[in-house]
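Written out below as structure tokens is the structure these notes cover.
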Amino acid sequence: MILEILAIGLIISAVLALFLDEVVYSVAALAATFLFTALLYLENGAIYAAIFQFAVGVGTLSILFLSGEMLSEKSTKKTSPPKMGILLGAGVVLSLPAILFSVSNSSAAYSNVSFGDALWNLSGVDVVLQALVILTVALGIAIILYERRNGGQ
């Protein structure tokens with residue numbers, strides 16, 4: 001039951017992070033996405049993965065929040081309650097498979113390997129790719145800030 005609740009929260013917060021108009025609310029929803037991901041890792045026994053996800057999430061959020069505040073124009077347009085309801089409804093609809101269908105914990109392949117061991121020993125490429133994405137975002141923000149400082153010349 002706890003995994004389903006975490007999955008619902010993860011999907012709804014991801015939908016909100018993608019489609020909210022205001023940068024601050026979108027970054028807050030992304031923070032919830034990182035938190036739910038870390039909690040899912042923690043629930044499955046991958047404590048170090050949860051800590052890594054939380055630490056990477058905090059760093060990513062600080063970069064996104066600062067760059068979003070510095071680079072975006074202040075808009076007076078607020079997210080309307082009907083749009084927020086539609087986004088929450090879309091998140092609930094997308095999380096229905098997580099609610100209705102259950103995935104068995106046992107499988108024939110790697111049945112004697114725990115989730116934490118599989119995450120760190122069998123999925124090292126995922127961690128490297130996640131670090132590459134964060135590096136790419138940081139470099140992109142640095143380039144944008146450099147261009148703004150030089151006046152676009």
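Each row is one residue, and each column tells you yes or no for (1) under 19 Å from Ala14 (Cβ atoms); (2) modelled with pLDDT of 75 or more; (3) more than 20 Å from the chain's Cα centre (by Cα).
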site: Phe54; (1), (2), (3): yes, yes, no
site: Lys83; (1), (2), (3): yes, yes, yes
site: Ser114; (1), (2), (3): no, no, yes
site: Ala118; (1), (2), (3): no, no, yes
site: Leu122; (1), (2), (3): no, no, yes
site: Leu129; (1), (2), (3): yes, yes, no
site: Gly140; (1), (2), (3): no, yes, no
site: Asn150; (1), (2), (3): no, yes, yes
site: Gln153; (1), (2), (3): no, no, yes
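With a requirement of 2 or more residues that are at negative phi, touching a Gly at 6+ places or on another chain (Cβ under 8 Å) and free of Cβ contacts under 8 Å to residues at least 60 places away in the same chain, the helices (runs of 4 or more DSSP H) lying completely within the range 1-74 that satisfy it span 23-43. The lone criterion from (1) in a helix (DSSP H, G or I); (2) at pLDDT below 80; (3) surrounded by 12 or more Cβ atoms within 10 Å (Cβ to Cβ) left unmet by Thr79 is number (1).
The values are calculated or read from the model by the stated rules, or taken from the named source; none is laboratory data. Just so we're clear, the structure is a prediction, and the values are computed from it rather than from any experiment. Every residue, glycine among them, receives a Cβ derived from its backbone with ideal geometry; neighbour counts consider all protein chains shown.
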